[in-house]
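Below is one structure, written out as structure tokens; the observations come after it.
The values are calculated or read from the model by the stated rules, or taken from the named source; none is laboratory data. Since the model is a prediction, treat every value here as computed from it, not as a measurement. As a convention, Cβ positions derive from the backbone with ideal geometry for all residues, glycine included, and neighbour counts pool all protein chains shown.
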């Protein structure tokens, strides 16, 4: 079937929230806060990409992810490049990306142990509409008061470098080894490639486009899955209806029709866009 509406998996986190985002039911006031919503393929498949929403009320840990080579050296299928589209942010919300200046790994480890790593990171103010690509090896931390969509390589390998004194395990040996402790360089954004079609990411691990309203034909090569994520609005693809807060996996060829106000993300693995 060319289009499949994916199931949602709600992940409770102490740093999550009770107020989520249009399209998602809020957890009960006396229930645990929800920090993430994942979209899952049917069965036991392990697709190349994973789509998530994140809802934060506290700073997430300072962390880093391995690249493909480092991950495979440990018997893992892939590393983790990821990107974030900010949907909403409180006025003082920030995200740390990279260090303020280059440091060596010995300095990084000492700073992670004594907590001074917070001052070494480049904390960037964020607002709704901002977009960031975080390549593997980038030291990062998502701040409080943020709602975002994350598109990532399908890996949950996370090395925690610092956690503000919380009693959780750190992974300093592994994390320092795969870190690239240098200032963040924004990923090139190619921009508009056709009316209503913006290319946000073109490789190296996946392609991400942003589509605005209208109808279009969607065609993917055999064996390639695409993920359609409605940010706002609603529509239908290959007879499968969707709305904001959902995600549709697409294969082969399908016809897309959506409301004029629809704002859609479309992601697929690879290093070059499909024409």
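Tabulated data for the structure shown
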quantity	calculated
Residue that is farthest from residue 242 (Cα to Cα) [pool: residues in region 1-20 that are modelled with pLDDT of 95 or more, touching a strand residue (DSSP E or B) at 6+ places or on another chain (Cβ under 7 Å) and part of a loop (DSSP other than H, G, I, E, B)]	20
Residue selected from region 89-106 under the condition within 25 Å of the chain's Cα centre (by Cα) and not in a loop (DSSP other than H, G, I, E, B), by the criterion farthest from residue 186 (Cα to Cα)	89
Residues satisfying the stated conditions in region 107-137, i.e. assigned to a loop (DSSP other than H, G, I, E, B), in contact with a strand residue (DSSP E or B) (Cβ under 9 Å, 6 or more places away or on another chain) and either within 22 Å of residue 166 (Cα to Cα) or not assigned by TED's automatic domain parsing to the domain that holds residue 70 (or both)	115
Candidates 109, 202, 156, filtered to the one that is under 19 Å from the mean Cα position of the chain (by Cα) and surrounded by 15 or more Cβ atoms within 10 Å (Cβ to Cβ)	202
Test result for residue 23, over 29 Å from residue 235 (Cβ atoms) and assigned by TED's automatic domain parsing to the domain that holds residue 108	no
Total residues in region 28-55, condition within 20 Å of residue 247 (Cβ to Cβ) and in a loop (DSSP other than H, G, I, E, B)	8
Count - residues of region 242-254 that are surrounded by fewer than 22 Cβ atoms within 10 Å (Cβ to Cβ) and either without any contact (Cβ under 8 Å) to a residue 12 or more places away in the chain or under 15 Å from residue 269 (Cβ atoms) (or both)	1
Checklist (1) surrounded by 14 or more Cβ atoms within 10 Å (Cβ to Cβ); (2) within 27 Å of residue 38 (Cβ to Cβ); (3) at pLDDT below 95 applied to residue 222, failing item	(1)
